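Every number in this text was worked out from the coordinates using simple rules, so none of it is lab data. Everything quoted here is computed from the prediction, not taken from an experiment. Every residue, glycine as well, gets a Cβ built from its backbone with ideal geometry; the counts of neighbours run over all protein chains shown.
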């Protein structure tokens, strides 16, 4: 054995790696297993399928060690000096260059350099026992206690491959538990291309579905794979199989899930892999915000990661990829709308948030999906907005009493719909009018207007409006002859003020008020009763007017929980006064 010094620029490089390079101690196992996979890939490229290909992990609690062994390509003493003693030297780059034409189907996962030194996050000493696949090669032993010096000499291994022994430090004894290592292997290494054993028991790694051609995958395959990734979720509604060659290689499967809980745009449910090795569940820089509702897996050897392979480094290629995936999603949605309209409609509650957020956030996405943005109308039909219409009436509820006044109304029920409607108004030559945002001329029957003047020169309509205005106080009142006799009154709320109020409430959670106009229908029996009563029984007439106003606010959902008590009290008072008249 001989002593030597690590070829590094700082005496303190290992403490720096241990403390700052990796944000999560758990990934040491991922890095070492990745290196073992590289070694197996290399020897298979050189020798074909000769010999056994396996990764074995063993825990020795009494001696407080973990060993990671492979039957891969191994190393000579010179290679150990070159690839281990020179920190961050990329052996993988040199190997890929030498065997470039043979490695397209057997990518090299990591670099046997910094990744190897992640072992020192949990180990006070690391030993390597390795033997090269080359004929007549001798086994090599290497040992380092985390300082800048190491020991190297003859090893004991009698077959090709490498065994790494970690002497676990006192702060990391949790990793000596088999359940802990199994959890890490299931999380990071469940799709490795070679068999993995932990204490002699096989880890259930499998071939990732994204590597197969879509023509080879059945619906059962896709659902089974989704259940493996997200075992507690209901089955997804449909999916997209990605296979991208430009701007870099990427494969994956993105699923449209059923929305069984409130959507959270900060939640990431897409798993990022690098050559089948789990890296992160944070894909926010690969996908735009509106696609973060999707679930699934993306795998790429070319996505730029930070040096510890813990998170993505954003560059122009990543942004191009984001745009490409967005196009694939819009293509899928358009294809479904064209080929299976009913399934598209049935799936709308689960995909409308994605579509509407995409429209607001991405101009190109809007252009691709504008013809499949559907709305339910009061006839029970689903259809896009007809751009030839000059005016579209909409309601924020499907059970408004005002619906009976209109021939056709679309329902804009989602909280985001106000913003979508404003966006569409800027894109289309269509005016959107909420059914209680203005009194449309088509609702008035001019032939039934109460225009006959009395001795004071006032019409019946103006006398009713004046009386109710005095009764309600600061509420503006109009008396109109509506074409329908089924609705006694409605509250009109200034459209621009309400949109601003809704926006503030949605973005800041603040409540605001809106100018209200109380429109009473002079063709309705209740309003006519008030007209007759206000001269003889003004208190009863006033109580009845207040009651109709309260009911209008309730039916249009313009009251809060704090208003219910006073409304109930006024309704009780009204009933008492009416019952007194009857008796």
Item to check | Relative contact order %, region 148-217, counting alpha carbon pairs below 8 Å whose residues are six or more apart | outcome: 19 percent
Item to check | Proportion of all alpha-carbon pairs of region 286-443 beyond 29 Å (%) | outcome: 30 percent
Next on the checklist: Please compute the length gained on full extension between residue 169 and residue 332, using 0.36 nm multiplied by the number of residues separating them and subtracting their Cα-Cα distance.
Outcome noted: 53.5 nm
Checklist outcome for this item: For the pair residue 525 and residue 483, the simple spin-label estimate (label points 7 Å beyond Cα toward Cβ) gives in nm 2.4 nm
Item to check | Gap separating the Cα centres of region 119-164 and region 541-563, nearest whole Å | outcome: 82 Å
Item to check | Exposure proxy ranking, count of Cβ atoms within 10 Å, fewest first, for 224, 179, 555 | outcome: 179, 224, 555
Item to check | Residue order, fewest to most surrounding Cβ atoms within 10 angstrom, among 348, 142 | outcome: 348, 142
Checklist entry - For region 407-507, what is the convex hull volume of the alpha-carbon atoms per residue, in Å³? => result 147 Å³
Item to check | Computed lengthening from residue 138 to residue 230, 0.36 nm per intervening residue step minus Cα-Cα distance | outcome: 28.4 nm
Checklist entry - According to a simple spin-label model (label point 7 Å from Cα along Cα-to-Cβ), what is the distance in nm between residue 403 and residue 448? => result 2.2 nm
Item to check | region 164-282: antiparallel DSSP beta bridges as a percent of all, rounded to 5 | outcome: 100 percent
Checklist entry - Given a cut-off of 18 Å, what percent of all Cα-Cα pairs of region 540-583 lie beyond it? => result 27 percent
Checklist outcome for this item: When 491, 122 are arranged by how many other beta-carbons sit within 10 Å of their Cβ, fewest first, they go 491, 122
Checklist outcome for this item: The simple spin-label model distance between residue 259 and residue 371, using points 7 Å out along Cα→Cβ, in nm, is 2.5 nm
